[in-house]
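Worksheet for the structure shown next.
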Amino acid sequence: MLGNEAFAQGAYEAGVKVVSSYPGTPSTEVTEALAKRDGIHVEWAPNEKVGVEVAMGASTGGVRALSCMKHVGLNVAADPFFTAAYTGVSGGVVVLAADDNGCHSSQNEQDSRYYARSAGVPALEPADPQECKDYIKLAYEISEKYDTIVLLRSNTRLSHSRGIVELGERCERERIPYVKDIQKRVAMPAMAKKLHVVQEARLKQIEKDGPAMTAGDGALPLNRVEMGDTAIGIITSGICYQYVKDALPEASVLKLGLINPLPKELIRDFAARVEKLYVIEEGEPFFEEQIRAMGVAVTGGKDMFTIQGEYSANMIRKAFGRPLPESEPAKDAPGRPPLLCAGCPHRGLFHVLSKLKKTVMGDIGCYTLAALPPTAAMDSCLCMGGSITMAHGFEKATGSSRDVVAVLGDSTFFHSGITGLVNMRYNGSHGTVIVLDNRITGMTGHQDNPSTGRNARGEEAPAIDIAALCRAIGVEHIVEIDPFEIKDLERVIKEETERDELSVIITKRPCALIAKQPDIPYLVSDACKNCKQCMKIGCPAIEEKDGRPYIVPERCVGCGLCEKVCPFSAIEIAADGKEGR
Amino acid sequence: MDKMNILIVGVGGQGTLLASVLLGNLALDKGYDVKLSEVHGMAQRGGSVVTHVKIDREHVNSPLIEPGDADMIIAFEELEAYRWLPYLKKGGVMYVNTQQIMPMPVVLGQAEYPQDIIARLKEKAGRVVAFDALAIAESCGSVKAVNVVLLGAASRDLPFDTDEWQQVIEKNVKTKFIDLNKMAFDQGRTAGGNE
């Protein structure tokens with residue numbers, strides 16, 4: 001079972017009733033797996049802040065609730081997260097944040113553990129899929145016992161690894177009746193001051209109780225000491241624990257499962273029992289700095305290991321002077337960056353933007369790939385919704401909106417784009433926003449969103465009309481267009497950017513991976529003059545063969561964009577078994 | 001066989017994930033501890049992808065295979081075989097689909113696709129089995145079956161018998177594709193022996 005499926009299984013067994021998440025690699029599959037189970041309300045929220053707030057409402061209503069997100073999603077959800085740390089819960093609440101050490105699918109490598117520390121929220125970190133299941137169940141017990149939200153931290157390698165998981169039964173729970181309590185739930189200054197006192201005391205209690213906490217059927221200690229050779233003692237957690245066990249099988253290990261608050265006495269005891277203490281943790285020196293601040297001597301931490309990327313057993317072997325397996329790097333292997341799929345609707349737009357040489361404020365989604373050659377039609381990618389607001393700021397700085405556009409996807413627009421558009425309208429922008437409406441949340445693996453007409457379970461749901469929403473905000477110039485009609489699109493972009501008024505262009509064409517494609521491949525005919533225009537659209541189906549463009553039939557989905565960019569009409573449908581040149 | 005590390009590499013969209021799930025489930029059925037590590041998200045869009053499959057009679061710690069530590073590499077594409085070659089253990093075996101997919105830097109003329117990859121693999125690897133798995137998959141009815149063709153070939157060096165493979169295909173593949181995949185497996189296994 002995938003780590004993320006194990007989280008879902010644990011939440012299911014724990015009797016979770018409400019799940020509200022926003023998709024984000026590497027966290028998405030938890031919510032997807034729960035959407036397939038009965039007896040739970042599972043929804044895709046428009047963003048992570050909404051997800052955590054819905055979970056808090058469900059908790060107030062008396063049931064166990066879950067909100068899942070990637071690390072950067074926790075930034076969006078930080079507002080309710082910090083105050084929920086004060087108010088506590090009724091039904092248990094778990095916030096699952098999956099970090100992306102190694103930046104496999106993210107814009108940064110931030111370390112979510114600091115959120116637990118600065119908000120004063122207990123946090124757990126599992127090390128394999130079985131623990132994913134066991135720890136989320138324990139997280140619900142902690143949440144209700146101590147009246148607190150709990151942060152469950154995962155990362156890419158854990159969430160996307162498969163391992164053996166023992167399944168259990170779902171435990172249905174009675175709904176806790178709602179009782180009004182403004183001292184607990186209304187965080188206005190007079191109450192908040194008192195709640196802060198409660199929150200601090202609660203965390204101290206958890207710190208005291210932490211060493212006795214156990215998880216799973218085997219009742220393994222959450223913070224586990226595995227004494228071996230006392231020459232080397234390692235403090236670690238999560239997936240790093242696995243690398244340590246492979247690299248230094250003889251060493252003594254303190255594996256932390258409760259990563260906030262830290263078990264100070266246990267750490268002191270462990271440190272006293274080993275000759276040299278090392279802290280091995282991916283990301284920031286979160287444990288190390290706290291342990292050093294306790295006055296415990298640490299022989300090696302971030303002075304031996306980087307704060308960047310993923311660790312590995314070989315990295316640890318190397319740091320400890322252990323032999324590595326023989327291996328020579330393959331030096332001249334050219335890179336293979338990811339690229340937009342054959343038939344991708346975004347390709348038409350970025351071809352045009354590249355031709356018009358616009359400054360493109362980009363956003364988070366598959367379309368961020370258009371920043372790479374050959375389209376290279378993106379100038380920035382900051383955060384969800386950042387395209388619209390950066391385009392606005394750019395306009396205010398340069399005094400003109402004619403050479404800049406904002407580009408973002410439909411799901412991203414609902415996530416954080418709307419507020420930026422309201423700002424543009426309110427604060428007198430003349431800019432142009434392009435919403436790529438491909439009817440799905442593409443990059444994370446096709447989740448539904450408020451514009452798709454389906455909910456997280458795949459049932460019919462109201463589809464929110466992006467154009468109508470923009471009209472309601474007061475945008476007067478709204479154009480809906482097929483991004484593969486590249487001549488019209490070019491004209492529209494020119495008109496709208498040259499007009500000194502706010503415009504929204506909605507490019508409508510479904511994601512190539514879900515829409516039925518004609519699937520009749522195109523070919524390059526003898527009329528080809530070898531100008532290579534077709535190779536500049538960056539389609540994975542077009543390669544060079546014998547010095548000329550060639551369409552690989554099994555990769556071509558028949559979208560026909562190359563035919564439209566060919567100035568010599570040398571690209572045609574390969575009907576009737578016709579062969580390309 | 002007590003333990004084995006198998007790296008499955010290819011280009012996003014080629015079906016490497018299903019191959020690893022079939023292999024992992026079979027090892028699980030046969031009582032091994034199994035860990036798999038996969039690539040989801042952005043890199044899946046036509047990028048270089050890798051799945052790590054570790055099986056052990058006792059216990060697997062890290063889900064990652066490290067350079068110099070793979071007993072076998074199953075490669076869906078030549079350049080990806082070459083890129084991941086450093087992960088092969090001394091004397092390890094490689095099963096390679098002789099397909100070439102040009103990465104964008106090569107299409108744009110910014111980089112060159114390495115020449116004579118199979119010969120270079122043969123210099124370093126213990127044994128290389130290279131064949132056109134795509135053509136076999138096509139002859140079985142779908143280019144998408146290339147993953148099962150490669151598994152069929154590689155099954156010659158994996159500790160499970162043919163019946164067990166057929167069963168795991170039945171359990172994990174959609175009903176209408178079972179026959180196609182069984183044929184792809186058999187033909188892959190034959191091709192793997194001919195090389």
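Looking at region B:1-13, which of the residues that are within 9 Å of chain A (Cβ to nearest Cβ) and open to solvent by less than 30 Å² (accessible area, probe 1.4 Å) is farthest from A:Leu2 (Cα to Cα)?
Restricting attention to region B:1-13, the residues satisfying the condition of being within 9 Å of chain A (Cβ to nearest Cβ) are B:11-13.
Filter once more, keeping what is open to solvent by less than 30 Å² (accessible area, probe 1.4 Å): B:11-12.
Numbers: B:Val11: 21, B:Gly12: 19 Å.
The qualifying residue farthest from A:Leu2 (Cα to Cα) is B:Val11.
Of all residues being among the charged types (D, E, K, R) and open to solvent by 10 Å² or more (accessible area, probe 1.4 Å) in region A:382-412, which is nearest to the other protein chains (Cβ to nearest Cβ)? Just the residue, please. Write out each step before concluding.
Step one: of region A:382-412, the residues among the charged types (D, E, K, R) are A:395-396, A:402-403, A:410.
With the extra rule that they be open to solvent by 10 Å² or more (accessible area, probe 1.4 Å), the set shrinks to A:395-396, A:402-403.
Numbers: A:Glu395: 30, A:Lys396: 32, A:Arg402: 30, A:Asp403: 26 Å.
For region A:382-412, the residue satisfying everything is A:Asp403.
Output the residue which, of all residues in region A:470-523 that are of a type in the set (A, V, I, L, M) and assigned to a helix (DSSP H, G or I), is most open to solvent (accessible area, probe 1.4 Å).
Quick first cut of region A:470-523, residues of a type in the set (A, V, I, L, M) only: A:472-473, A:475, A:478-479, A:481, A:486, A:489, A:492-493, A:502, A:504-506, A:512-515, A:520, A:523.
Those left that are additionally assigned to a helix (DSSP H, G or I): A:472-473, A:486, A:489, A:492-493.
Numbers: A:Ala472: 86, A:Ile473: 37, A:Ile486: 19, A:Leu489: 1, A:Val492: 8, A:Ile493: 0 Å².
So the residue we want is A:Ala472.
Cβ contacts < 7 Å: first residue more than 7 Å from chain B (Cβ to nearest Cβ) and charged (D, E, K, R), restricted to region A:306-335; second residue surrounded by 15 or more Cβ atoms within 10 Å (Cβ to Cβ) and not in a loop (DSSP other than H, G, I, E, B), any location; separation 6+ or different chain. Result?
What qualifies is A:Glu310/A:Arg157; A:Arg317/A:Ala247; A:Arg322/A:Ala247.
Let me confirm something: among A:Gly210, A:Gly168, A:Gly218, which residue is assigned to a loop (DSSP other than H, G, I, E, B) and touching a residue at least 40 places away in the same chain (Cβ under 8 Å)?
On the way: A:Gly210 fails: assigned to a loop (DSSP other than H, G, I, E, B); A:Gly218 fails: touching a residue at least 40 places away in the same chain (Cβ under 8 Å).
Testing whether each residue is assigned to a loop (DSSP other than H, G, I, E, B) and touching a residue at least 40 places away in the same chain (Cβ under 8 Å) leaves just A:Gly168.
Here is a check on your reading of the model: is A:Gly558 within 14 Å of another protein chain (Cβ to nearest Cβ) and modelled with pLDDT under 95? Talk me through it step by step, then tell me what you get.
Working: within 14 Å of another protein chain (Cβ to nearest Cβ): no; modelled with pLDDT under 95: yes.
Judged against the criteria, A:Gly558 is not a match.
Of the conditions (1) out of contact with any helix residue (DSSP H, G or I) (no Cβ under 6 Å at 6 or more places or on another chain); (2) buried (at least 17 other Cβ atoms within 10 Å of the Cβ); (3) of a type in the set (Gly, Ala, Ser), A:Ala456 clears all except one; give me its number.
Here A:Ala456 clears every test but (1).
When you scan region A:248-267, how many residues do you find that are open to solvent by 20 Å² or more (accessible area, probe 1.4 Å) and closer than 18 Å to B:Glu66 by Cα?
Taking region A:248-267 and keeping what is open to solvent by 20 Å² or more (accessible area, probe 1.4 Å), we get A:249-250, A:264-266.
This time we only want the ones that are closer than 18 Å to B:Glu66 by Cα, so: A:249.
Total satisfying the criteria: 1.
Give me the helices (runs of 4 or more DSSP H) completely within region B:111-195, filtered to those with at least 3 residues that are of a type in the set (Val, Ile, Thr), ordered by residue number.
Working: elements: B:117-124, B:133-140, B:146-154, B:162-172, B:178-194.
Here the list reads B:146-154, B:162-172.
Please tell me if A:Ile486 is outside the structural domain of A:Asp437 (by TED's automatic domain parsing), of a type outside the set (Gly, Ala, Ser) and over 30 Å from A:Asn423 (Cβ atoms).
Working: outside the structural domain of A:Asp437 (by TED's automatic domain parsing): no; of a type outside the set (Gly, Ala, Ser): yes; over 30 Å from A:Asn423 (Cβ atoms): yes.
It is false that A:Ile486 is outside the structural domain of A:Asp437 (by TED's automatic domain parsing), of a type outside the set (Gly, Ala, Ser) and over 30 Å from A:Asn423 (Cβ atoms).
Pick from region A:160-182 the residues that are surrounded by 11 or more Cβ atoms within 10 Å (Cβ to Cβ) and away from chain B (no Cβ under 14 Å): which of them is farthest from A:Tyr12 (Cα to Cα)?
Checked region A:160-182; the qualifying residue farthest from A:Tyr12 (Cα to Cα) is A:Asp181.
Name the one entry in A:Lys204, A:Lys245 that is basic (Lys, Arg) and buried (at least 19 other Cβ atoms within 10 Å of the Cβ). Before the answer, list the steps.
On the way: A:Lys204 fails: buried (at least 19 other Cβ atoms within 10 Å of the Cβ).
The unique qualifying residue is A:Lys245.
Filter the strands (runs of 3 or more DSSP E) completely within region B:14-87 down to those with at least 3 residues that are more than 9 Å from every other protein chain (Cβ to nearest Cβ) and open to solvent by 10 Å² or more (accessible area, probe 1.4 Å).
Fully inside region B:14-87 and qualifying: B:48-56.
When you look at A:Val244, is it in contact with a strand residue (DSSP E or B) (Cβ under 6 Å, 6 or more places away or on another chain), within 14 Å of another protein chain (Cβ to nearest Cβ) and on the phi < 0 side of the Ramachandran plot, yes or no? Spell out the reasoning first.
Details: in contact with a strand residue (DSSP E or B) (Cβ under 6 Å, 6 or more places away or on another chain): yes; within 14 Å of another protein chain (Cβ to nearest Cβ): yes; on the phi < 0 side of the Ramachandran plot: yes.
The answer is yes for A:Val244.
What are the residues in region A:229-240 that are within 14 Å of chain B (Cβ to nearest Cβ), within 14 Å of A:Phe270 (Cβ to Cβ) and not aliphatic (A, V, I, L, M), if any?
Within region A:229-240, the first condition is being within 14 Å of chain B (Cβ to nearest Cβ), and the residues that meet it are A:234, A:236, A:238-240.
From the residues that got through so far, the ones that are within 14 Å of A:Phe270 (Cβ to Cβ) too are A:234, A:236.
Correct list: A:Thr236 only.
Among the residues of region A:427-442, write down those that are in a strand (DSSP E or B) and open to solvent by less than 10 Å² (accessible area, probe 1.4 Å). Steps first, answer last, please.
If we filter region A:427-442 for residues that are in a strand (DSSP E or B), which is where we start, we get A:432-437, A:441.
Of everything in region A:427-442, those that are in a strand (DSSP E or B) and open to solvent by less than 10 Å² (accessible area, probe 1.4 Å) turn out to be A:Thr432, A:Val433, A:Ile434, A:Val435, A:Leu436, A:Asp437.
Any residue in region A:220-242 that is among the aromatic types (Phe, Trp, Tyr), open to solvent by less than 40 Å² (accessible area, probe 1.4 Å) and farther than 17 Å from A:Glu125 by Cβ? I'd like the intermediate steps shown before the answer.
Keep residues of region A:220-242 that are among the aromatic types (Phe, Trp, Tyr), which gives A:241.
Okay, now just the ones that are also open to solvent by less than 40 Å² (accessible area, probe 1.4 Å), so A:241.
Retained after the next criterion (residues that are farther than 17 Å from A:Glu125 by Cβ): none.
Checked region A:220-242: no residue is among the aromatic types (Phe, Trp, Tyr), open to solvent by less than 40 Å² (accessible area, probe 1.4 Å) and farther than 17 Å from A:Glu125 by Cβ.
Considering region B:162-185 alone, what residues qualify as being open to solvent by less than 80 Å² (accessible area, probe 1.4 Å) and farther than 12 Å from B:Ala145 by Cα?
B:Thr162, B:Glu164, B:Trp165, B:Gln166, B:Val168, B:Asn172
Would you pick out the residues in region A:349-373 that are modelled with pLDDT of 95 or more and closer than 24 Å to A:Glu554 by Cβ?
A:His351 - this is the single residue of region A:349-373 that is modelled with pLDDT of 95 or more and closer than 24 Å to A:Glu554 by Cβ.
Enumerate the strands (runs of 3 or more DSSP E) found wholly within region A:29-145, keeping only those where 3 or more residues are buried (at least 24 other Cβ atoms within 10 Å of the Cβ). Before the answer, list the steps.
Numbers: elements: A:41-44, A:65-70, A:93-99.
Answer list for region A:29-145: A:65-70, A:93-99.
Given the criterion in contact (Cβ under 8 Å) with a residue 40 or more places away in the chain and either in contact with a Cys (Cβ under 7 Å, 6 or more places away or on another chain) or closer than 24 Å to B:Val49 by Cβ (or both), identify the matching residue among A:Ile291, A:Ile259, A:Ile280. Walk me through it before giving the result.
Details: A:Ile291 fails: either in contact with a Cys (Cβ under 7 Å, 6 or more places away or on another chain) or closer than 24 Å to B:Val49 by Cβ (or both); A:Ile259 fails: either in contact with a Cys (Cβ under 7 Å, 6 or more places away or on another chain) or closer than 24 Å to B:Val49 by Cβ (or both).
Every option except A:Ile280 fails the conditions.
The values are calculated or read from the model by the stated rules, or taken from the named source; none is laboratory data. All of these numbers come straight from a predicted model, not from anything done at the bench. Note: ideal-geometry Cβ built from the backbone for every residue, glycine included; neighbour counts use all protein chains shown. Accessible surface areas use protein heavy atoms only, side chains included; no ligands, DNA or RNA. Shrake-Rupley method; radii C 1.70, N 1.55, O 1.52, S 1.80 Å.
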